[in-house]
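Some notes on the structure that comes next.
Every number here is computed from the coordinates shown, using simple stated rules; none is lab data. The structure displayed is predicted, hence computed values, not measured ones. For neighbour counting, all protein chains shown are included, and Cβ atoms are generated from backbone atoms with ideal geometry for every residue, glycine included.
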Protein chains: 2
Amino acid sequence: MAVTESGEFRVEARAPGKVILSGEHAVVHGTSAVAAALGLYTTATIRPGMDDSCVLDLPQLGVYSKWPLKMIEELITQPHLLNPKPAHVTSYSESEWPQLAAFVERQVRSLSAKGAKGADAAVTAFLFLYTSILGLQPATVRVSSELPVGAGLGSSAAYCVALTTALLAYSREIELPQLPSVGEEVSTDRKIWFDVDEKKVDLVNKWAFEGERIIHGRPSGIDNTVSTYGYVVKFKKGQITRLHTQMPLRMLLTNTQVGRNTKALVAGVGERALRHPAAMGAIFKAIDEIAEEVVTILQTPPETARLGKSGEVVSSDECGPHPVAKTVQEIRLQELVDMNQGLLQGIGVSHLSIESICQITAAYRLSSKLTGAGGGGCVLTLLPHKLSSTSVELVKVDIEGKGFSCFEAVIGGNGVQVSCQAVS
Amino acid sequence: MAVTESGEFRVEARAPGKVILSGEHAVVHGTSAVAAALGLYTTATIRPGMDDSCVLDLPQLGVYSKWPLKMIEELITQPHLLNPKPAHVTSYSESEWPQLAAFVERQVRSLSAKGAKGADAAVTAFLFLYTSILGLQPATVRVSSELPVGAGLGSSAAYCVALTTALLAYSREIELPQLPSVGEEVSTDRKIWFDVDEKKVDLVNKWAFEGERIIHGRPSGIDNTVSTYGYVVKFKKGQITRLHTQMPLRMLLTNTQVGRNTKALVAGVGERALRHPAAMGAIFKAIDEIAEEVVTILQTPPETARLGKSGEVVSSDECGPHPVAKTVQEIRLQELVDMNQGLLQGIGVSHLSIESICQITAAYRLSSKLTGAGGGGCVLTLLPHKLSSTSVELVKVDIEGKGFSCFEAVIGGNGVQVSCQAVS
């Protein structure tokens, strides 16, 4: 690639969030879950540093920190951790990574700036990834996001994936795409995003997982995998399978803004399963079957599922007040969404706010389900591709009229991407 | 018993309605359902007739008909159907009954009076049971009911059971309990109801089933069985099992007053099962497991389920605004009710009105589910025995404030009972 060896440049990496399409909670009990990339991005920008300092700017978390590199160097005393050449990120065996991460985490935690809630872990993960990948090179890093924090949309994974990718690209571990000429104006609209080379994308995923470990302790690895590779991912008994689907879904995502306690919700389901093992086992099995059917539908080329030449059927709902042309796949997926939501209510993780949204969208013949832990959090509403933007606006007005916030998003699109430009 | 052989008397029979506690819809696909007697009664009263006539008075259906017995005799030409002695009700083998019923039905249908919707079938069933059991004896029959018609509460079965029992008692096929003296005032409050003798109760159930056949075509036999024997009945693959439970449940029954199309709802579930056989199969299995667990709980003596000396525990819900002492059995049943409702939503038979009621009662830490076909109809809310009547009133006010009608009822109580008194 034609990045000028001597010239300075700015890199950007954007990583998508994630939603769970199917299988939340039951996955804890050994069944399949299906997660997909959410087309809302966290973007990490790295530009050359000044004054031998490392600067971190996290506007959403209220963090702006500047550390002299000397200060970082003093804390990170083990020489083998200070390889200033980015090549070192591949010079450890995978089995050494956890110890490395634990050591660096301990060291850098004391550097963490105080910021908004959750900011400490974000700063610690940053310093870990920064020192491990860039070493002691001065740089200014800014991470901003379209994703709400703590809403089960994989914001921390998107943070780690975007940051890791930007750091690896800045360190030239990831090959950079063609740069525009120095000083050439690049508007955001015209910005060109490039996929990360297939050989390096695994490296992104592995480092991002280490960052997630710092933030979450014991992450499943689903979130960083979805954010890195994009599209759709199936998870079952610790095994992650990337699905080759090219059928992005159009969804409305509503944030109930009701706080959840994921740990308590998961524990509640576990206790209910102990009290009613046979019935709960059968419900988990039903959720598993739904997840498998979702996988099958997403992997079916749209052509073969079509009825007639137009590629769509008018749903049998057409007697309703809002008739909408839906493909056979959309009709099947809608029904599975309804079924899944009923089962999630059955295992006790729904919430009045979630059910309100389901009822609002049902009036438009649209199907909704909670996504993630439930008990509040976010709700997904499948939008048929033919649904007019006017109709979507009507639904949004209704939902927002009840005090919720919602936005349209593409689900199952690309993973992490990079962009760069020379700086004058 | 001391009924004066020569004296005239009036008999009354009251038969309870039924609710499905668990297993509706899934039962069509081969799983278990649990039904229980609902402590709302249909009462049939027979008093001596005048003018060689048969009089039928059905105030709820707007029917008042008087037929000269001659007219009935002319229509029913086959002599063996006109045995004036009631003993004939046991003189046919069971295999002959369906043909007998079909013949009489054809004959008496032309006699049916025009009345409110559904009244035709009620009149036809009456004439069938009347002529088969009493023959051509003059009598005046009045049937009134506390049960709403067409709400899935077994009103037609209660009608057939009460009528059959009153006819069999009036014909002395069922032994009559001690009569008060002629002219003695018997207030409704002091009226004493007697269970039907165990040897004759099967006869009631069989004739009532024939009446149900006239009204419904192909009834399952659950409704008349519950109304006849009372308590709780399990139904699986055509097999009806009476359960020996003495644990009546206290429930709030809400009529959504939303009309249902049972046939369409059952067909909809069947079609969904064809589209998603694995997932729907697992949901049916879950419903089956819930029904079996409900059976186990209802058969467990309350003592063994108790925690501590007081026989109750304060539910873990006590942090809520309406803490209530619940027994361990009540807590388990509540959870099963919640799970069952979620599964019914999952198979697509819930309705906005049903979910509204579930949400209202959930605010009081009470669990509700639809009962019967769904899509509207009735909703059951389990009331812990220790819940104060003031709290029940609050819930009722909230439910009625949304435009629904509701009433408290005992579920799982007695079956059909008779009472009689001499008339002067």
How large is ³J(HN,Hα) for each residue in region A:11-25, as worked out from phi by the Karplus curve 6.51 cos²θ - 1.76 cosθ + 1.60 (θ = phi - 60°), to whole Hz, x for Gly and Pro? 10, 10, 9, 10, 10, x, x, 9, 10, 8, 7, 6, x, 4, 6
For B:409-417, B:389-397, ranked highest to lowest by mean beta-carbon neighbours within 10 Å, the order is B:409-417, B:389-397
Nearest-0.05 FRET efficiency for B:Q359 and A:D52, computed from C-beta distance (R0 51 Å): 0.25
Provide the per-residue ³J(HN,Hα) series for region A:398-408, in order, calculated from phi with Karplus coefficients 6.51, -1.76, 1.60 and θ = phi - 60°, each as a whole number of Hz, with x at glycine and proline positions. 4, 5, 5, x, 8, x, 9, 10, 9, 8, 7
Between A:D202 and B:H216, how many nm apart are label points set 7 Å from Cα along the C-beta direction? 6.4
Peptide B:290-298: average number of partner chain Cβ atoms within 10 Å per residue? 2
Please work out how much length the chain gains when fully extended from B:V258 to B:E8, using 0.36 nm per residue of separation minus the C-alpha to C-alpha distance, in nm with one decimal. 85.5 nm
At R0 = 41 Å the Cβ-Cβ FRET efficiency linking B:L352 and B:E74, nearest 0.05, sits at 0.20
Starting from a label point 7 Å past Cα on the Cβ side, list the distances from A:A267 to the same position in the other copies, nm, shortest first. 5.0
Would you mind listing the distances between the B:M71 label point and the same position in each other copy? Use 7 Å along Cα-to-C-beta, nm, one decimal, shortest first. 10.4
Give the average, rounded to an integer, of partner chain Cβ atoms located within 10 angstrom of each Cβ in A:343-351. 5
Any idea what the B:K386 label distances to the other copies are, label 7 Å down the Cα→Cβ vector, nm, shortest first? 5.8
Protection-proxy order for peptides B:25-35, B:154-164, each taking the mean of Cβ atoms within 10 Å per residue, highest first: B:154-164, B:25-35
Which entries in A:K191/A:K326; B:K70/B:K206; A:K70/A:K263; A:K236/A:K402 show an alpha-carbon gap greater than 30 Å? A:K191/A:K326; A:K70/A:K263; A:K236/A:K402
Quick calc, B:R242 & B:V397: beta-carbon distance into FRET formula, R0 56 Å, rounding 0.05, result 0.90
Could you tell me how many cubic angstrom of Cα convex hull volume region B:249-411 has per residue? 114
How much length would be gained if the chain were fully extended between B:A267 and B:T300, taking 0.36 nm per residue of separation minus their Cα-Cα distance, in nm to one decimal? 8.3 nm
Starting from the 7 Å offset along Cα-to-Cβ, what nm value, one decimal, do you get for the label separation of B:F407 and B:K386? 2.9
Collect residues whose amide H, placed 1.01 Å from N in the peptide plane, falls under 5 Å from the amide H of B:G154; neighbours closer than 5 in sequence don't count. B:K18
